[in-house]
Amino acid sequence: MREGKPPIVVGVEPTEAGGLAVMWAADEAARRRLPLRLVHTLDWPTGADRGLGTDTRRQTWGERFRNAGMRALDEARAVVAARHPGLVAESLLLDGAPISVLPGQARDAAMIVVGSRRLSATTELLITGSIATAITAHAECPVVVVREPEHTGTGPDTIVVGVDGARRSEPAVAYAFDEAARRGATIVAVHVRQLSTGLMAGLRTGEELREGRIRLAETLAGWSEKYPDVSVRREVAVGHPVKVLTDAAEHAMGLVVGTRGHGGIAGMLLGSVSRGLIHHARCPLVIVPTTHIDAESISHA
């Protein structure tokens, strides 16, 4: 492995979601031959005593809190070592809330991975949604939200990518093709059209579907030539992007979407669509920024 490769960064927490994120990140690091960085943050309550104390007979609360963080990292390292014995991994215990610490870790990362807990919609939005959005707003690398394991062995392996029909979709498409090539998976490229309600909506459906097929073909042009061994299935649907993409990726290995832009999936992703996908996607969700232009910049292999 070459020196100086950017790591895959994963947020470590002692929960089921955190464990899934660590396993996904370790598998991806091994697949891409990249180092792994395990990060656990200590979100100290206001006024908490962070001192190590001088009484060797008993631990302070601060020591117990810090030791619990170290145990979480030790357990994550053990999982990584058992899963991929030769994988290079480092661990960091950092002070601060995840929403403030993890975005900074994205500066030199190939991608950053966080788990998504199964909580109430409001609580999950405040915890996972805000963290993922904060990271995505600043990161120039893909951000992966792992809510459920990737689905393999239940049918053809697929990676679903949301395509909005503009050049801003290309980073997500590039990531999806690169990942599909590594995994021997089929690409399912989905373009979603939204219609306003009313009497004319039904009459416009056929027109919208035709326009969607044209935009999808234009966006995918050239990618099959670049990746001749990757099979591609194209789908155009009318509906809400969250529901359409969630349903399309129900049995997928992963769902890939872009972040910024105007209109379509990319333009809405930092708003209701991103929050909806974080809450409802039933497979790992990969959010690729528009600055992440080609597959070569993410492979590093």
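The values are calculated or read from the model by the stated rules, or taken from the named source; none is laboratory data. Bear in mind the structure is a predicted one, so any value in this text is a computation, not a measurement. Cβ atoms come from the backbone with ideal geometry, glycine included; neighbour counts cover every protein chain shown. Ligands, DNA and RNA are excluded from the accessible area calculation, which covers all protein heavy atoms including side chains. Shrake-Rupley method; radii C 1.70, N 1.55, O 1.52, S 1.80 Å.
From the Cα gyration tensor of the stretch 65-111, with a ≥ b ≥ c the square roots of its eigenvalues, which class applies: rounded if a/c is under 1.5, or else prolate if a/b is larger than b/c, or else oblate?
Oblate.
Rank these by accessible area, largest first, 1.4 Å probe: His251, His84.
In descending accessible area the options line up as His251, His84.
Return the FRET efficiency for the residue pair Ala82, Glu207: r is the Cβ-Cβ distance, R0 is 41 Å, and the value is rounded to the nearest 0.05.
About 0.15, to the nearest 0.05.
So how far apart, in nm, are the two label points at Glu148 and Asp95 if each is 7 Å from Cα heading toward Cβ?
The two pseudo-label positions are separated by 4.1 nm.
Check which residues have an amide H placed less than 5 Å from Val113's amide H, if you skip close sequence neighbours.
HN-HN under 5 Å from Val113: Val9, Val10, Gly11, Val144.
Once both labels are modelled 7 Å past Cα along the beta-carbon direction, what's the Arg33-Ser224 spacing in nm?
3.0 nm
In sequence order, what are the phi-derived ³J(HN,Hα) couplings for the stretch 16-28 according to the Karplus relation 6.51 cos²θ - 1.76 cosθ + 1.60 with θ = phi - 60°, rounded to whole Hz, with x for glycine and proline?
Once θ is set to phi - 60°, the couplings for the stretch 16-28 become 4, 5, x, x, 4, 5, 5, 5, 5, 5, 5, 4, 5 Hz.
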